[in-house]
Ligand SMILES: NC(=O)c1ccc[n+]([C@@H]2O[C@H](COP(=O)([O-])OP(=O)(O)OC[C@H]3O[C@@H](n4cnc5c(N)ncnc54)[C@H](O)[C@@H]3O)[C@@H](O)[C@H]2O)c1
């Protein structure tokens, strides 16, 4: 029970990697506050977590909206008197090749994936500094290294690594660790979104490309949400208290 009586905010907690992270945190004793836009899915996920016996709060929050984020974080602190862990899993894709990438698609992805990470970190920082402890885990991506049709997404996820390193330096003296996880291809509903966008990325047969990727992956499979969630839990735990500013690639490959 590494998270007994700990309070964790998980954004994007309604489904996918966020929901799995919240589930593992709840199993290990944490009270969790889920931030997401998808109200019905949020309610369903929260109900499924209550069987583990800890408190589960839900907040309809758009993570790119500073006022909404600050208000929700304040409500979490008013209720639990603290926040120990922030995991920012909310994220989006809006793929297109450079000639077709619109400013709206660029802004949407940068605002949610990159600006959202800064807004969330800024919102929890005073409470973590006050008690001189905290763990922040952000989600980058293998796409940070470059991904066709994803100039916006790659920039946002590379930016997350810059935020991670910078906040590790700024917040380390206050007892706060900041790290990120960079997943490879993980089977979630985002992968279905990815398939929908594949034409726009110049990919004609998504399933064939996926199979080729699996065949060339040393572990010979795509990732599961729990592959990422277990890594997040380690980074959010006291076991990782001497690790900060790092990005761990969880891709099934070196
Ligand atoms: N699935 C993958 O292959 C993969 C690979 C690399 C990185 N990632 C990253 O991992 C994270 C989680 O991905 P996932 O696969 O679980 O995605 P997902 O689409 O299954 O879940 C994302 C969740 O975030 C929520 N969300 C989106 N925008 C939001 C906003 N503005 N405010 C609040 N909530 C919002 C959605 O409602 C959804 O519940 C994302 O940051 C994603 O970029 C995923």
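The values are calculated or read from the model by the stated rules, or taken from the named source; none is laboratory data. The structure displayed is predicted, hence computed values, not measured ones. Heads up, the Cβs are rebuilt from the backbone with ideal geometry, glycines too, and the neighbour counts pull from every protein chain shown.
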Index of the failed condition, residue 76 passing every other in (1) more than 18 Å from the chain's Cα centre (by Cα); (2) assigned to a loop (DSSP other than H, G, I, E, B); (3) touching a residue at least 60 places away in the same chain (Cβ under 8 Å): (2)
Considering only residues that are part of a helix (DSSP H, G or I) and in contact (Cβ under 8 Å) with a residue 40 or more places away in the chain, which ones fall in the range 123-133? 123, 124, 125, 127, 128, 129
Among the residues of the range 11-42, how many are out of contact with any helix residue (DSSP H, G or I) (no Cβ under 7 Å at 6 or more places or on another chain) and within 12 Å of the ligand (Cβ to nearest atom)? 7
Find all pairs meeting these conditions: Cβ atoms under 7 angstrom apart; at least six residues apart or on different chains; first residue within the range 79-94 and assigned to a helix (DSSP H, G or I); second residue away from the ligand (no atom under 13 Å from the Cβ) and at pLDDT 95 or above. 79/57; 80/7; 80/31
Working only within the range 154-185, note down all residues that are within 15 Å of the chain's Cα centre (by Cα), crowded, with 22+ Cβ neighbours inside 10 Å and not in a helix (DSSP H, G or I). 178, 179, 180, 181, 182, 183
Tell me, yes or no, whether the range 141-152 has at least one residue that is under 17 Å from the mean Cα position of the chain (by Cα), farther than 21 Å from residue 109 by Cβ and not in a helix (DSSP H, G or I). no
Select, from 64, 6, the only residue that is closer than 30 Å to residue 201 by Cβ and either near the ligand (Cβ under 9 Å from one of its atoms) or buried (at least 19 other Cβ atoms within 10 Å of the Cβ) (or both). 64
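Quick grid of which residues meet (1) farther than 26 Å from residue 71 by Cβ; (2) at pLDDT 95 or above; (3) within 11 Å of the ligand (Cβ to nearest atom):
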| position | (1), (2), (3) |
| --- | --- |
| 114 | no, yes, yes |
| 126 | no, yes, no |
| 132 | no, yes, no |
| 184 | yes, yes, yes |
| 209 | yes, no, no |
For the condition assigned to a helix (DSSP H, G or I) and under 19 Å from the mean Cα position of the chain (by Cα), what is the one hit in 17, 9, 63? 17
From the list 248, 232, 219, 228, exactly one residue is part of a loop (DSSP other than H, G, I, E, B) and either more than 13 Å from the ligand (Cβ to nearest atom) or surrounded by 18 or more Cβ atoms within 10 Å (Cβ to Cβ) (or both). Which is it? 219
In the range 235-245, how many residues are touching a strand residue (DSSP E or B) at 6+ places or on another chain (Cβ under 7 Å) and assigned to a helix (DSSP H, G or I)? 3
When the range 23-43 is examined, which residues are found to be in contact (Cβ under 8 Å) with a residue 12 or more places away in the chain, assigned to a helix (DSSP H, G or I) and out of contact with any strand residue (DSSP E or B) (no Cβ under 7 Å at 6 or more places or on another chain)? 23, 24, 27, 41
Identity of the residue in the range 51-61, within 12 Å of the ligand (Cβ to nearest atom) and surrounded by 16 or more Cβ atoms within 10 Å (Cβ to Cβ), that ends up farthest from residue 111 (Cα to Cα): 58
Pairs, please: C-beta under 7 Å, at least 6 apart or cross-chain, first residue within 26 Å of residue 174 (Cβ to Cβ) and without any contact (Cβ under 8 Å) to a residue 24 or more places away in the chain and in the range 136-158, second near the ligand (Cβ under 10 Å from one of its atoms) and assigned to a helix (DSSP H, G or I)? 158/144
